[in-house]
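The values are calculated or read from the model by the stated rules, or taken from the named source; none is laboratory data. As the structure is a computational prediction, the values presented were derived from the model and not from experiment. SASA here: full protein model, heavy atoms, side chains in, ligands and nucleic acids out. Shrake-Rupley method; radii C 1.70, N 1.55, O 1.52, S 1.80 Å.
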Amino acid sequence: MEKKEKKRRGWDEYFMDIAELVATRATCNRGSDLKYVPGFKGVGAVIVRDRTVLSSGYNGSPRGLDHCDDIGHEMVEGHCIRTVHAEANALVQAAKNGIMIDGGALYTTASPCYDCFKMLINSGIKRIVCGAFYGSRYGASDKVVGLAAQAGVQMEFLRADKAPDQLDLPEPKPEEKETETVKSLLLSSNLKIKKLHPMAKVPDYAHEGDAGLDLYASEGASIPTGQREKIKTGISMEIPDGYVGLIWDRGGVPVKKGLKTMGGVIDSGYRGEVIVPVVNVSGENVEVMQGEKIAQIIIQPFEQVEVEETDGLGESARGEDAFGSSDELVESEELVELEEEAAIKEEEPTIDEITKALSNAPALSKESKGFSEPLSRMGGSEAQERRKNENRGRW
């Protein structure tokens, strides 16, 4: 019988599990999904030093006051102000019991808001581990990581248990609207780049607001028409957990060079060289120079799904239609008329062709062809129409 090995939880996961358990005591159903009570929300926090739990807190009303779960939220500008945040409650509990937390670490199921973060700085907390990103009020979520860098506080995200899109947050005002961007989250979990080639260039954004980081060729290459090639970038990267790197065309490369990127997915666990597969779809050889921009990579969050095998699938309006099934053209009456006119014109000989044919033929008369009178006596337009009918079969 094969002996099973018990895998112990790491210290960060262990203390985050405790914070998740503390969150089940929350009395305000807002924040992140509760791991141990599915269908409910809340935030939990624990303060730790020397691998020992010193204090804990959850989001809830002050002692003796009504709970949101009982009477509803007290909303002001899209936020509930009835409760004290989990991090603040953890600080209060430590102060109330005379526990020194200077130099300690805080584990919280959702990243601290701007106000709580300033209190954590003043309390001497040196490390903050978050289970999820929280878009706090005042439009100040991005400022939190900036404050952490200034104050020398180490801020990290554990993304195994929570994803930022699981948060149930109120919709901010348009001028304060925040979006969870790669830039804001990577401030605390940087995209790390390692050069594998002395001539390699670190990917960068060409313009403010660009979605893709430009990738550069670390070596030159000559690609014959119709052939494929693997372009080396000379770099490897460490993409944060919960994110993926997608390789796409740059706008100018396929247009100017006829070089098409065949795509690529760079997983967060991959540590090898980033290679860009391309194909030359132009009619001539393409030269790629060392240091030339060859493609772009977009870093974005993703979700894994649970795979379920089934004998049947739900009905849909589209069904099994595929391969351009929605590309059928609806012909208008005007389009049909234009096509008919074009077909008639293709069948009709030109005036020059008719004239040339008649010059080589005997004169036509009513005795020979059954016309009521010779063509030479007809008017111009009538004669031309008769010639068309007579010669239509020749072309």
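Accessible area per residue for the range 256-302 is 51 Å², calculated with a 1.4 Å probe on protein heavy atoms, without ligands, DNA or RNA. When the surface is traced with a 1.4 Å probe over the full set of protein chains, Met199 keeps roughly 100 Å² accessible. Pairs spanning more than 20 Å between alpha-carbon atoms, out of Lys194/Lys293; Lys7/Lys126; Lys201/Lys232: Lys7/Lys126.
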